[in-house]
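The values are calculated or read from the model by the stated rules, or taken from the named source; none is laboratory data. None of these values were measured; they are calculated from a predicted model. Neighbour counts run over all protein chains shown; Cβ positions are idealised from the backbone, glycine included.
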Amino acid sequence: MHAETSTGACQPDIAAVAEVCHRRDALLILDCVTSLGGLPVQVDAWGVDVAYGASQKCLSAPPGLAPITVSPRAEERLRTRRSPVTSFYLDLSLLDKYWSEKPTYHHTASISLAYALREALRLVEEEGLSARFARHQRNAERLWGGLEALGLSLLVPPTHRLPSLSTPVLPAGLDDAGLRRSLLQDFNIEIAGGFGPLAGKVWRIGLMGYSSRAENVITLLGALAELLKTK
Ligand SMILES: Cc1ncc(COP(=O)(O)O)c(C=O)c1O
């Protein structure tokens, strides 16, 4: 997992993980769903074998597409596997043929989504990757500083903090669901609650792609200041 959306943690050294995998003849599959388009993803430099992302997060295209990349090492493993793939949906050997020079049928592609993703990628290129990554980092830091000023600490230490998803820790006794409901009803801002063991303990605040903007951070911090005063 490159960018962990449940906890707000970012794996800082994928190359080291890849090195351990390859020493043991294993492949490394990397989930880049919450990082692609918001922070550097260097699959070749890091030695990642399969990486997949999503259209709807830091790329800010509609949901429904998952960009994927497969290394020569992973391709070779696919070609030489002895047992057939048991699922149709994620049969990369079939998808390989579908995307080949001589395509064979696998599914009907959503042309409208492909056009939408192209437009989103055009906007990424127009902004420039380093400017885009810097924007995500700048707005995240603005949010972290503001949350701390409101007395909320952050779950993840700065060295492992993800700019696209932040997880402030809720003070004991705070009405988690009520406060998030007021944020939505009174300020039209939706933030998510924690998952599993973190339910009721943290919030999950996304600043991804188009939504990573100073005005969003400032509006949220203003609304939280107002609501925390009355709760
Ligand atoms: C890190 C991560 N991986 C995978 C997924 C699943 O993506 P999707 O909802 O597009 O299936 C999510 C969704 O939030 C995610 O945050």
Practice item. Give the residues of segment 21-41 that are in a loop (DSSP other than H, G, I, E, B), within 15 Å of the chain's Cα centre (by Cα) and either away from the ligand (no atom under 11 Å from the Cβ) or free of Cβ contacts under 8 Å to residues at least 40 places away in the same chain (or both), sorted by residue number. Key: 32, 33, 36, 37, 38, 39, 40, 41
Point to revise | segment 95-109 residues that are assigned by TED's automatic domain parsing to the domain that holds residue 50 and among the β-branched types (Val, Ile, Thr), paired with ones that are in a helix (DSSP H, G or I) and surrounded by 10 or more Cβ atoms within 10 Å (Cβ to Cβ) (beta carbon under 8 Å, 6 or more apart) | key: 104/94; 104/97; 104/98
Review point. Do the conditions hold for residue 18, that is, is it buried (at least 22 other Cβ atoms within 10 Å of the Cβ), outside any loop (DSSP other than H, G, I, E, B), of a type in the set (Gly, Ala, Ser) and modelled with pLDDT of 95 or more?
Key: no
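Being touching a His at 6+ places or on another chain (Cβ under 6 Å) and closer than 21 Å to residue 56 by Cα, is that true of even one residue in segment 155-163?
Yes; the residues of segment 155-163 include at least one that is touching a His at 6+ places or on another chain (Cβ under 6 Å) and closer than 21 Å to residue 56 by Cα.
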Check your understanding: Of all residues in segment 145-177, how many are without any contact (Cβ under 8 Å) to a residue 24 or more places away in the chain and closer than 14 Å to residue 9 by Cα?
Key -> 2
Practice item. Starting from residues that are assigned to a strand (DSSP E or B) and surrounded by fewer than 23 Cβ atoms within 10 Å (Cβ to Cβ), keep the ones in segment 42-60 and report whichever is farthest from the ligand (Cβ to nearest atom). Key: 50
**Study point:** Segments classed as helices (runs of 4 or more DSSP H), wholly inside segment 69-158, with at least 1 members that are surrounded by fewer than 10 Cβ atoms within 10 Å (Cβ to Cβ)
**Key:** 72-79, 111-127, 129-149
Study note, to complete from the structure: Taking first residues from segment 196-216 that are farther than 20 Å from residue 170 by Cα and second residues anywhere that are surrounded by fewer than 21 Cβ atoms within 10 Å (Cβ to Cβ) and of a type in the set (Val, Ile, Thr), the pairs with Cβ under 9 Å that are 6 or more apart or on different chains are 209/124; 216/189
Review point. Got at least one residue in segment 72-81 being within 16 Å of the ligand (Cβ to nearest atom) and over 30 Å from residue 213 (Cβ atoms)?
Key: no
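Kindly establish whether residue 197 is touching a helix residue (DSSP H, G or I) at 6+ places or on another chain (Cβ under 7 Å), assigned by TED's automatic domain parsing to the domain that holds residue 133 and of a type outside the set (A, V, I, L, M, F, W, C).
The answer is no for residue 197.
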